[in-house]
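Just so it is clear, none of the values below were taken in a lab; they were calculated from the coordinates. Fair warning: this is a prediction, and the values are worked out from it, not measured in the lab. FYI the Cβ positions are ideal-geometry reconstructions off the backbone, even for glycines, and counts take in every protein chain you see.
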C-alpha cells in the first residue's frame, strides 16, 4: 500500500545564554550548525568531560545521528532525558528524536513506543502523524487511521497537511476495500488542495 510520508525532522536543542559557559560547548554547537558533525562530537565530548549536561548529550546525539552512528545517538538522547525530567516539552522532543532514530534502524516496535511516550508528555500533530505512518507501514491500519484522524485537529490552518492526511486515510481505506470511505476521504483531500495527488487515487 502506498501512503504519503510526512517528512520527519529531528529536533535539536537550541542554545541559550545560560548554557554557553564553556568554550568546548560553544565550539560544538557552532560545528553542529555548520554540519561539521565529527568535530561537533569531539567538542561536545570534551565539554561533557568537564561538566556533563543535557544540552551537550542531546546535541552530541544529533551529531552522531548525522554521522550514521544511530545506536550511539540513541544512547546520548537517553542520557539527555535524565536532565529534563521536569520539562515535558523537552522530554517529548527527545522521545521524537529517539523514535526517528529507531525508524532508521527499522525497529518499528520501538518507534511506536517512543512516539507514544512523546504524545504522553506533550501531544502534538507531528507525533500522531508519524506514529500513524509507522502503524500503516506495519499494517496496523485501524491504529493508523486513528492517529491520522487525531493529527487532523492540529493542522486546521494548513491546507497542504490536511490534504495529505485525508489522502493517507483514503489510501488505507482502499487497502481495506472500503471504497466508499476512500472516495469520501479523497474528496476531502481535494477540497483542501484541488488537483492534488488524491485526484489520481480517486
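The calculated FRET efficiency for the pair residue 45 and residue 142, based on their C-beta separation and a Förster distance of 35 Å, comes to about 0.20. Relative to the dominant Cα principal axis of the chain, helix 37-50 is inclined by about 50°. A Förster radius of 35 Å, combined with the Cβ-Cβ distance separating residue 66 from residue 180, puts the computed FRET efficiency at roughly 0.20.
Average projection, convex hull of the Cα set of the chain: 12.0 square nanometres. The eigenvalues of the Cα gyration tensor, multiplied by 5 and square-rooted, give the range 21-84 an equivalent ellipsoid with semi-axes of 16, 15, 8 Å from largest to smallest.
FRET efficiency for residue 23 and residue 78, Cβ-Cβ distance as r, R0 = 25 Å, nearest 0.05?
Working from the Cβ atoms, E equals 0.40.
For the chain, the relative contact order is 15 percent, taking Cα pairs closer than 8 Å that sit 6 or more residues apart in sequence and dividing their mean separation by the residue count. Label sites at residue 108 and residue 149, each approximated as a point 7 angstrom past Cα along Cα to Cβ, lie 2.1 nm apart. Can you give the angle from 0 to 90° between the axis of helix 88-104 and the longest principal axis of the chain, with both taken from C-alpha atoms, to the nearest 10? It is inclined by approximately 70 degrees.
Extension gain for the segment residue 87 to residue 158, taken as residue separation times 0.36 nm less the Cα-Cα distance, is 22.8 nm to one decimal. Give me the angle, in degrees from 0 to 90, between the Cα long axis of helix 159-175 and the longest principal axis of the Cα atoms of the chain, rounded to the nearest 10. With rounding to tens, the tilt is 60 degrees.
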